[in-house]
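Just below is one structure, and these are the notes that go with it.
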Amino acid sequence: MKVTYYGHATILLETEKAKLLFDPFISPNELAKNVDIDAIKPDYILLTHGHVDHVADLFTIQTNSDATVICIAEIQGWLGNNDVDKTHGMNIGGSHNFDFGRVKMVNAIHSSSMPDGTYGGNPAGYVIYANGKVIYIAGDTALTYDMKLLEDENLDWAFLPIGDNYTMGAEDAVKAAFFINCKNIIGVHFDTFPPIKLNHEATKSKFAAAGLNFILPEIGQTIDL
Ligand code: NI
Ligand code: MN
């Protein structure tokens, strides 16, 4: 399984059977201007919540790829009202077997509305079980004790927001890594906007000091999980 980082919280997870794109926000991101969104053809698009920095390129990429959108029920309803019917609605705590593996929708502490102001339901994270690996995509979230519910999931990798201000910052993400009992952490949701510009070396030091294997991905970087 491999993952490619497209900036902000946008990641493409490639399992043996399917390409899963999370939270497409590329074309408004100056830092990701070299990414060709027309070349991204996922089989599934997974949304953690409705904020524009997670859905900006949703319609373009869904139209280009005919991907199925996996999201919370309220966002599924909004997509239906916007002529996207190839969707799979879920809700917090539920899991479902897809052709590539199992997806569980889990709690996140944040807010969620669509770019037009429509209520977006609750924000969510995902646990993906595919190809013998277990991957946690936290979404935009604060540190929360609910993360301890994942401690016996044998997570192989976790994508955690680390930019602070809109989500938890690096100190809380280090605590989150221990709550979820996962040593392999990839940081997301940093550098895109002035309030979330990170000191990369200081951030890496915090994770290293805690004995964690931490990756601060470059835009366009592909990582073997
Ligand atoms: Ni958000
Ligand atoms: Mn966000």
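The values are calculated or read from the model by the stated rules, or taken from the named source; none is laboratory data. Quick caveat, the model's predicted, so the values are computed rather than measured. Using ideal geometry, Cβ is built from the backbone for each residue, glycine included, and neighbour counts are taken over all protein chains shown. All accessible areas refer to the heavy atoms of the entire protein, side chains included, with ligands and DNA or RNA removed. Shrake-Rupley method; radii C 1.70, N 1.55, O 1.52, S 1.80 Å.
Within the stretch 41-100, which strands (runs of 3 or more DSSP E) (wholly inside it) include 3 or more residues that are buried (at least 16 other Cβ atoms within 10 Å of the Cβ)?
Values: elements: 44-46, 68-72, 87-90, 95-98.
In the stretch 41-100, the matching strands (runs of 3 or more DSSP E) lie at 44-46, 68-72, 87-90.
Can you tell me how many residues in the stretch 25-51 are within 14 Å of the chain's Cα centre (by Cα) and over 16 Å from ASP191 (Cα atoms)? Walk me through it before giving the result.
Step one: filter the stretch 25-51 for residues within 14 Å of the chain's Cα centre (by Cα), giving 25-26, 44-51.
Then keep just the ones that are over 16 Å from ASP191 (Cα atoms); that gives 44-51.
Residues that pass the stated criteria total 8.
Kindly check whether there is at least one residue in the stretch 156-170 that is of a type outside the set (Gly, Ala, Ser), modelled with pLDDT of 95 or more and farther than 28 Å from PHE193 by Cβ.
Taking the stretch 156-170 and keeping what is of a type outside the set (Gly, Ala, Ser), we get 156-157, 159-162, 164-168.
The next check asks that each one be modelled with pLDDT of 95 or more; those that pass are 156-157, 159-162, 164-168.
Imposing the further condition that a residue be farther than 28 Å from PHE193 by Cβ reduces the set to 156.
Yes - at least one qualifying residue is present in the stretch 156-170.
Inside the stretch 108-123, can you point out the residues that are open to solvent by 40 Å² or more (accessible area, probe 1.4 Å), touching a residue at least 40 places away in the same chain (Cβ under 8 Å) and under 17 Å from the mean Cα position of the chain (by Cα)? Lay out the reasoning, then the answer.
Of the residues in the stretch 108-123, the ones open to solvent by 40 Å² or more (accessible area, probe 1.4 Å) are 109-111, 113, 115-119, 122.
Pick out the ones that are also touching a residue at least 40 places away in the same chain (Cβ under 8 Å) and you get 110-111, 113, 115, 118-119, 122.
HIS110, SER111, SER113, ASN122 - these are the residues of the stretch 108-123 that are open to solvent by 40 Å² or more (accessible area, probe 1.4 Å), touching a residue at least 40 places away in the same chain (Cβ under 8 Å) and under 17 Å from the mean Cα position of the chain (by Cα).
Restricting to the stretch 1-40, and then to whatever is of a type outside the set (Lys, Arg), open to solvent by 20 Å² or more (accessible area, probe 1.4 Å) and in contact with a Leu (Cβ under 7 Å, 6 or more places away or on another chain), can you tell me which residue is farthest from TYR136 (Cα to Cα)? Explain how you work it out, then say what you get.
So the first thing to find is which residues in the stretch 1-40 are of a type outside the set (Lys, Arg), and the list is 1, 3-16, 18, 20-32, 34-40.
With the extra rule that they be open to solvent by 20 Å² or more (accessible area, probe 1.4 Å), the set shrinks to 1, 6, 14, 16, 27-28, 30-31, 34-39.
Next cut, in contact with a Leu (Cβ under 7 Å, 6 or more places away or on another chain) only: 1, 6.
Working: MET1: 14, TYR6: 18 Å.
Once the filter is applied, the top-ranked residue is TYR6.
I'd like to check something: does the stretch 201-219 contain any residue that is under 17 Å from TYR6 (Cβ atoms), open to solvent by 60 Å² or more (accessible area, probe 1.4 Å) and assigned to a loop (DSSP other than H, G, I, E, B)? Break it down stepwise before answering.
Initially, the stretch 201-219 is screened for residues under 17 Å from TYR6 (Cβ atoms), giving 215-219.
Now drop any that are not open to solvent by 60 Å² or more (accessible area, probe 1.4 Å), which leaves 218-219.
Next, from what is left, pick out any that are assigned to a loop (DSSP other than H, G, I, E, B): 218-219.
Within the stretch 201-219 (the criterion being under 17 Å from TYR6 (Cβ atoms), open to solvent by 60 Å² or more (accessible area, probe 1.4 Å) and assigned to a loop (DSSP other than H, G, I, E, B)), the answer is yes, since at least one residue qualifies.
Tell me whether the stretch 55-66 contains one or more residues that are modelled with pLDDT of 95 or more, in contact with a Cys (Cβ under 8 Å, 6 or more places away or on another chain) and not acidic (Asp, Glu).
Taking the stretch 55-66 and keeping what is modelled with pLDDT of 95 or more, we get 55-66.
Cutting the leftovers down to in contact with a Cys (Cβ under 8 Å, 6 or more places away or on another chain) gives us none.
So far as the stretch 55-66 goes, no, none of its residues is modelled with pLDDT of 95 or more, in contact with a Cys (Cβ under 8 Å, 6 or more places away or on another chain) and not acidic (Asp, Glu).
Would you be able to tell me the number of residues in the stretch 132-155 that are of a type in the set (Val, Ile, Thr) and either within 21 Å of LEU225 (Cα to Cα) or touching a residue at least 40 places away in the same chain (Cβ under 8 Å) (or both)? Steps first, answer last, please.
Of the stretch 132-155, the ones of a type in the set (Val, Ile, Thr) are 134-135, 137, 141, 144.
Right, trim to either within 21 Å of LEU225 (Cα to Cα) or touching a residue at least 40 places away in the same chain (Cβ under 8 Å) (or both) and you get 134-135, 137.
Here the count works out to 3.
Which residue, of LYS41, LYS19, LYS2, is away from ligand 1 (no atom under 14 Å from the Cβ), under 17 Å from VAL84 (Cα atoms) and touching a strand residue (DSSP E or B) at 6+ places or on another chain (Cβ under 9 Å)? Talk me through it step by step, then tell me what you get.
Values: LYS19 fails: under 17 Å from VAL84 (Cα atoms); LYS2 fails: under 17 Å from VAL84 (Cα atoms).
Result: LYS41 is the single residue among LYS41, LYS19, LYS2 that is away from ligand 1 (no atom under 14 Å from the Cβ), under 17 Å from VAL84 (Cα atoms) and touching a strand residue (DSSP E or B) at 6+ places or on another chain (Cβ under 9 Å).
Within the stretch 151-172, track down each residue that is away from ligand 1 (no atom under 16 Å from the Cβ), open to solvent by less than 10 Å² (accessible area, probe 1.4 Å) and not in a strand (DSSP E or B).
ALA170
Take the stretch 1-40 and flag every residue that is outside any loop (DSSP other than H, G, I, E, B) and touching a residue at least 60 places away in the same chain (Cβ under 8 Å). Before you say what the answer is, go through the steps one by one.
Applying the first criterion (outside any loop (DSSP other than H, G, I, E, B)) to the stretch 1-40 yields 2-5, 11-14, 19-22, 30-32, 37-39.
Within the stretch 1-40, LYS2, VAL3, THR4, TYR5, ILE11, LEU13, LEU20, PHE22, LEU31, ALA32 meet the criteria.
Out of the residues in the stretch 173-200 meeting the condition of being within 17 Å of the chain's Cα centre (by Cα) and in a helix (DSSP H, G or I), tell me which one is farthest from ligand 2 (Cβ to nearest atom). Don't jump to the end; show me each part of the working.
Here is the first cut: in the stretch 173-200, the ones within 17 Å of the chain's Cα centre (by Cα) are 173, 176-177, 180, 182, 184-192, 196.
From the residues that got through so far, the ones that are in a helix (DSSP H, G or I) too are 173, 176-177, 196.
Working: ALA173: 14, ALA176: 16, ALA177: 20, ILE196: 9 Å.
Per the stated criteria, the residue is ALA177.
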